[in-house]
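To start, the structure itself, in structure tokens.
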Amino acid sequence: MRIATLRTSGLLFSPILAAVLAACSAPPAALHYGRAVEAFDQARYEEAYAQGQAALADAPGDRKIERFAERMRTVLLLDRARASILSGHEREGLGILARVLTNHPDNPIALRWQRKAKDQIAARMLVRGQEAVVDDEPERALESFQEVLNIRPGDEAALRGLKDVRDIYDERREFADEHYRNALTARRDGDWERVHYHADAALDSDGANQRASYLEGVAARQVARTRRAWADQLAAERRWGAAGREILEVVDLLETRRKAENDEIASATDDLFTWIPEGKRIAKIWLNEAEAAEAFTDAQMAIAAKRFDVAEESLARAAELATYDRVSLNELRGQLLDARRDARFSDAQFLELAYDFEQALEVYRELAAAHPSSGAPAKVTTLTQLLEDVKKTYDEGVAAEQAGKSEDALAAFRRVMSLHPRYADVRKRVARIAYDLQQAREGQ
């Protein structure tokens, strides 16, 4: 019974055993080839190609396997190219198709996908060019339309686009010529700021305009010298922030000009170009001085608020920044020492900051009597002189107004406001006279 069962089992399993034995006895190339064919039938081209290459490695002289491997290479490349093109990566797809067409120049599928890729590129470049025309970017538009024509010679839309580009350039040249004429007029008037503006605008419209380029260079140098002198004037008035920013603008103007000229000899010999490092150094000092002035103000306010530690920090910051105004630094240090000794110094400082100079003067007089070695006596002298100057200027304004000299009166009252904004009725007088003068001008 047991023997019969085994025999029966042997009969049942004999086909499986035969298949296993056949597989074990088959050469590796045949196995890889069979798997490659199966993968190909199921459109698994990457796997089919890999199995075909493995079969070819095991049987390098087998013509059937060689032909299959070559076909699989072509199919795989076409599939990759198709995927790239459909995903919008046409140039990548064209590169893959070129590998197919190298060996099979007449492959119809490769040629069809090549046309499709080029058509997609041309369509996209056409839209890009049309958008560039709308955005007034003729260089980008020209590049796009030319690429379309390289792909589709004679394309009517691209040819119309080139005409639009030409119109933009013509309009720019006309615009540049107009600005150049305005620059010449400004040069005749001696207004170098306007010369520079119009010459620069001409170059923006037509970068090849040599006349505008020369004029812009001359104007840039004149403007740089004028602005540098103006910055010096601002610094003399202790308007450090404005002076520093003005110098930085001069430096930027000169660096732009030096880059445009691209002349090593001029860069090394032109007095304005060689001044650039010095200009940067000066600008840094002046901007630091402006920050120091802010620190001085912070210290004054802190002293007035009896926040002496904050005042000390502000003065320490100012000491690091200030180059010129060491007098104010030392004065504030003295005021801080005085305020720590007598709180009335803080009260007087507060009154000064509030432009209540009359009350501040009274407090300083008391402090001068109590502390003659402090800074109070100097403050008494300063505020007394200030109030005398303010009264004298105010009286001059009143006299001018009564004499019907409104312009002179307005100028005098504005000087008063710059010294003592809360003096008498000066604000009302300035507002009234300014309004009357404006009405008179509008009525003419």
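The values are calculated or read from the model by the stated rules, or taken from the named source; none is laboratory data. Because the structure is a prediction, the values reported are computed rather than measured. Backbone-built Cβ (ideal geometry, glycine too); neighbour counts: all protein chains shown.
If a residue has to be of a type in the set (Lys, Arg), surrounded by fewer than 15 Cβ atoms within 10 Å (Cβ to Cβ) and part of a helix (DSSP H, G or I) to count, how many in the range 397-444 make the cut?
Filtering the range 397-444 for residues of a type in the set (Lys, Arg) gives 405, 414-415, 422, 427-429, 432, 441.
With the extra rule that they be surrounded by fewer than 15 Cβ atoms within 10 Å (Cβ to Cβ), the set shrinks to 405, 422, 427-428, 441.
When the remaining residues are screened for being part of a helix (DSSP H, G or I), the result is 427-428, 441.
Qualifying residue count for the region: 3.
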Residues that are under 16 Å from Ile303 (Cβ atoms) and surrounded by fewer than 21 Cβ atoms within 10 Å (Cβ to Cβ), drawn from the range 376-389: Ala378
Boolean, Gly397 is under 53 Å from the mean Cα position of the chain (by Cα) and closer than 13 Å to Arg344 by Cα: no
Residue among Arg187, Arg194, Arg166, Arg128 that alone is basic (Lys, Arg) and loosely packed, with under 15 Cβ neighbours inside 10 Å: Arg166
Positions within the range 299-311 being assigned to a helix (DSSP H, G or I) and surrounded by 14 or more Cβ atoms within 10 Å (Cβ to Cβ), in sequence order: Ala299, Gln300, Met301, Ala302, Ile303, Ala304, Phe308, Val310, Ala311
Residues located in the range 101-125, provided they are surrounded by 18 or more Cβ atoms within 10 Å (Cβ to Cβ) and either of a type in the set (S, T, N, Q) or touching a Ser or Thr at 6+ places or on another chain (Cβ under 6 Å) (or both): Gln114, Met125
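If I ask for residues that are within 27 Å of the chain's Cα centre (by Cα) and of a type in the set (Ser, Thr, Tyr), which ones from the range 184-203 would you list? Before you say what the answer is, go through the steps one by one.
Our first condition is that a residue be within 27 Å of the chain's Cα centre (by Cα); within the range 184-203, this holds for 193-203.
Result: Tyr197, single match.
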Lone unmet requirement of (1) over 21 Å from Ser213 (Cα atoms); (2) within 23 Å of the chain's Cα centre (by Cα); (3) small (Gly, Ala, Ser) for Ala260: (1)
Pairs, first more than 10 Å from Gln120 (Cα to Cα) in the range 86-103, second outside any helix (DSSP H, G or I) and not aliphatic (A, V, I, L, M), C-beta under 7 Å, six or more apart: Val100/Asn107; Leu101/Asn107
Residue check for Arg427: touching a residue at least 12 places away in the same chain (Cβ under 8 Å) and under 24 Å from Leu383 (Cα atoms): no
Residues satisfying the stated conditions in the range 200-228, i.e. part of a loop (DSSP other than H, G, I, E, B) and either at pLDDT 90 or above or surrounded by 15 or more Cβ atoms within 10 Å (Cβ to Cβ) (or both): Asp206, Asn209
Number of positions in the range 229-242 that are crowded, with 19+ Cβ neighbours inside 10 Å and under 18 Å from Leu272 (Cα atoms): 1
Residue in the range 312-348 that is surrounded by the most Cβ atoms within 10 Å (Cβ to Cβ), counting only those that are under 44 Å from the mean Cα position of the chain (by Cα) and not in a helix (DSSP H, G or I): Ala322
Unmet requirement for Ser144, which otherwise passes all of (1) free of Cβ contacts under 8 Å to residues at least 12 places away in the same chain; (2) of a type in the set (Ser, Thr, Tyr); (3) under 30 Å from Glu171 (Cβ atoms): (1)
